[in-house]
Structures are given as structure tokens and as C-alpha cells.
Amino acid sequence: MTESPAPDAFAAMPELFTWEFASDPYPAYAWLREHAPVHRTTLPSGVEAWLVTRYADARQALADPRLSKNPDHHAEPTHAKGKTGIPGERKAELMTHLLNIDPPDHTRLRRLVSKAFTPRTVAEFAPRVQELTDDLIDRFAAKGEADLIHDFAFPLPIYAICDLLGVPREDQDDFRDWAGMMIRHGGGPRGGVARSVKKMRGYLAELIHRKRSDPGDDLISGLIRASDHGEHLTENEAAAMAFILLFAGFETTVNLIGNGTYALLHHPEQRERLQHSLAAGERGLLETGVEELLRFDGPVELATWRFATEPLSIGGQGIAAGDPVLVVLAAADRDPARFEEPDTLDLSRRDNQHLGYGHGIHYCLGAPLARLEGQTALATLLTRLPDLRLAQDPADLRWRGGLIMRGLRTLPVEFTPRQTG
Ligand code: HEM
């Protein structure tokens, strides 16, 4: 990733959604912010949508109740509607989840899940996240090399969320395989994503059924138990909730660890600052640093789909009822009108109200868990493997091509081999 040149360096509208764009979208976003801040584009799927790139417009759009999360508001013909959701999800009964619904249903479901998934649940989970992190590093520390995506960033969140949900350890590798298929975004065998979603749905339905008669001290049992004014989640709603927790909490965290480690390796002076502060037993720079990594090159490039329920205006641009709107978090978080020197990575940045976790009623429910995992992963990695370095020319690194998420396919690293345990 190079630092973004000034937007005027482009004579014409830059190309979006190419491989070059995927490896460094920030110059194109700078151009859009400057010249076409609310821009109608045709996505690679053929669906037309508005891209919102300025911070002030983005924040407003994320909280605008006239922008619905329900895909039924999409004005496009039905064949395009299936292209706006989680792959394979349309055919499943997993649609009634938080990111696809509006109040009052959203308010009810979010209140119920918030009772089971509290900051306290997450804080109590901290020792397990540390143990998982150490176990994964133990597996490659003696080798002196690793692919940090495959060996570390990918397994950590999937095992963590499985533990939290109450998926028995012996079944967690199945989850790892299904999640691996889902993350490939069509790069796997034909129908593989839909098949994985189906298997995951079947498994979750059965697990929920079992936990109903034999509850444990886990999130799925908590979801089943949670009640609001005497109301409970139905089994379908509980399955959809478990699925969205997995889906929303998995690839995002993979990318926080992957993009975050890459940014640190690419900015050695910042990484050294962090290592010094960790060695001194301080946590302040780690905490502000993870927020800055989310702002600088966060896991969620575009917020999820929103659809105008009536004609409205964003940043002076008219939007018709039924039009899809995509808020470009990655562009908003580099807006010079909001952030000083936005293209500079500054781990101690204080005034950092980034949109990496969204804003408004759909603000990330898993932010405390994401912070815990991100901070634990990066601190442990830099402490245990202090001379970690990239084993590949940054220009040869490949980024995943999906629309919503931003993350690396692989992150090969080298380091002095360490004996473990
Ligand atoms: C670094 C990691 C993460 C990032 C950057 C992130 C980012 C986001 C963003 C941007 C949204 C809002 C999307 C929108 O409004 O269109 C969101 C929502 C959500 N996130 Fe996260 N997320 C992360 C990790 C997690 C984790 C670990 C979980 C749970 C285990 C989780 C669960 C959710 C849920 C359930 C929602 C939907 C909330 C709602 O609609 O009310 N996320 N996340």
C-alpha cells in the first residue's frame, strides 16, 4: 500500500473495482471525495449503487432512518436482489438478522442479543483469547516463517467465536472449513459457499435444539434464555443471530489482524514505538493504536447495503426511492476534512472518531470482542516474535476482491525461530 497521492494527480475518473484498485483503493477514494462525493456506479455484479465517500455525509447516511437495511426496498428487479446479501444466505432462513432489518424488529432483536452478549461476557473471555493466541503462535514459532493469514489471523477469530457460542471443540474444525469456504467469495468450487452456509445453518439449528434441553454457560444458551418483556427469540431467530455473529465477527477480525500487522510491518517506526511501549508494560498505545489501524486500513471497506425508502438527498445529491446506497467507510476515514494528515499512520492519534465499526443503530455489536482479539493478537505477536518481517515484496501481496471487506489473501512473514513451551 502506498501513501495516497493528491487527488488532482488524476486527470480523469479513476477505475474502480480492478485488481490495482483492490491493492490500494485510497487514491481513487481521494478522487471521489474531491470530485464526486456521492457517486453512482455500476458494481462488478451489475447492480447500480451510490457510493458515499465524505466523512460528514457517511456519518449522516449511516444514521439516516430513511435508508433501510431491508433488501425488499431495493427497486431493482428481483434477479439483482440476491446480489446484495451474504453469499448463499438468500435461500436460507437466516435472513432475519440484525443487518437486514429495521426498527422495530431490529430494536427488539438487538435488545435481546445485547442481554446475552455483554461487555462483561467479553471481558471474562480474555484469558481464553490469550490462550488461543499463544497456542496458534506455538504452532509456527519454531519454524521461523509463517503465513500470518492462514496460520494465525484466520483460525483465531473462528475458534474464539465458536468457543463463545458454545460450539464443542471437536466440531470447530468443521466450522473452520465452512468459514474458509465462505471467505473465498466464489473463489472456491461451484456452489461451495451456498453448501457451506447450508451446512452451518443445519448444524446451528441442531445445536440450538440441543442447548434448549441441555443449556450451558455459553452465548447460544444465553440467546435462548434471553427474554424481553416475556418475549424470547424463536429457534430460527436464534440460528440467524448465531450465524450473523459468526459471519460479522469472523472475516472482519481476520482482516483487522492481517491489515493491522501489515500496516505495522510497513511502518517500522510506528511498530517500534508500539514494541517499546509494550515492553514497558503500557497498554495506552496498543489501545489507541488498534483504533488507528481500524481507521487507516480497516477490515470493512464499505458498510453493508442500505436502500432509500423515499426520495432523499445526501451531500446535495438527489437519491431516488429504492436506490441502493453504499457508505465507503475506508474513504470517510481518510477524509482530510475530518482527520489531520489522514494518510499518515499515527498509533497515538487521539481525535479518532473513525467509522470502522459503523455508526448509529447498526454500530458493531461485537466491537468489544474485536478490540480484545485485535489487541491480544498484535501485542502477543510483536512481543513473542520481535523481529517479525515481511517475506514478500509488498507489491506482490494480493488483496481479496470482495466488495464489502478489505483484507489480504496471504501475509508471508519471517522471524528468528523461537523454542516454545
Ligand atoms: C475488527 C473487527 C470488526 C469490525 C471492523 C466490524 C465492523 C462492523 C461494522 C462497520 C458494522 C456496521 C455495518 C453497517 O452499518 O452496515 C458492524 C455491525 C455488526 N457487527 Fe461488527 N465488526 C467487527 C467485529 C465483529 C465481531 C467480533 C462481532 C461479533 C462476534 C461483530 C458483530 C456485528 C454485528 C452483529 C453487527 C450488526 C449490528 C446491527 O445491525 O445492529 N462484529 N460491524
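The values are calculated or read from the model by the stated rules, or taken from the named source; none is laboratory data. The structure presented is a predicted model; accordingly, all values stated were derived computationally and were not measured. All Cβ positions, even for glycine, are placed from backbone atoms using ideal geometry, and neighbour counts span all protein chains on display.
Quick rundown of the values:
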| item | result |
| --- | --- |
| Test: Thr410 is of a type in the set (S, T, N, Q) and closer than 30 Å to Trp305 by Cα | yes |
| Pair list, Cβ under 9 Å, 6 or more apart: region 283-310 residue among the hydroxyl-bearing types (Ser, Thr, Tyr), other residue more than 8 Å from the ligand (Cβ to nearest atom) and in a strand (DSSP E or B) | Thr304/Leu326; Thr309/Leu67; Thr309/Ser68 |
| Helices (runs of 4 or more DSSP H) fully within region 255-350 counting 2 or more residues that are within 15 Å of the ligand (Cβ to nearest atom) and surrounded by fewer than 23 Cβ atoms within 10 Å (Cβ to Cβ) | 284-297 |
| Candidates Leu411, Leu385, Leu372, filtered to the one that is touching a residue at least 60 places away in the same chain (Cβ under 8 Å), under 28 Å from Trp19 (Cβ atoms) and not polar (S, T, N, Q) | Leu411 |
| Filter result for Leu403 (part of a helix (DSSP H, G or I) and within 16 Å of the ligand (Cβ to nearest atom)) | no |
| Leu388 being away from the ligand (no atom under 15 Å from the Cβ), closer than 18 Å to Glu292 by Cα and over 20 Å from the mean Cα position of the chain (by Cα) | no |
| Candidate set from region 36-48 (those that are in contact with a helix residue (DSSP H, G or I) (Cβ under 7 Å, 6 or more places away or on another chain) and at pLDDT 95 or above); member that is surrounded by the most Cβ atoms within 10 Å (Cβ to Cβ) | Pro37 |
| Qualifying residues in region 223-242 (those that are part of a helix (DSSP H, G or I) and surrounded by fewer than 22 Cβ atoms within 10 Å (Cβ to Cβ)) - the one nearest to the ligand (Cβ to nearest atom) | Glu237 |
| Hits in region 370-400 - residues which are of a type in the set (S, T, N, Q) and either in a loop (DSSP other than H, G, I, E, B) or farther than 22 Å from Gln130 by Cβ (or both) | Gln392 |
| Near pairs, Cβ below 6 angstrom, 6+ apart or cross-chain, from region 338-362 (charged (D, E, K, R)) to any residue that is within 16 Å of the ligand (Cβ to nearest atom) | Arg338/Tyr55; Arg349/Glu292 |
| Where a residue in region 253-279 is farther than 20 Å from Pro412 by Cα and its partner, wherever it lies, is of a type in the set (A, V, I, L, M, F, W, C) and modelled with pLDDT under 95, with Cβ under 6 Å and at least six apart | none |
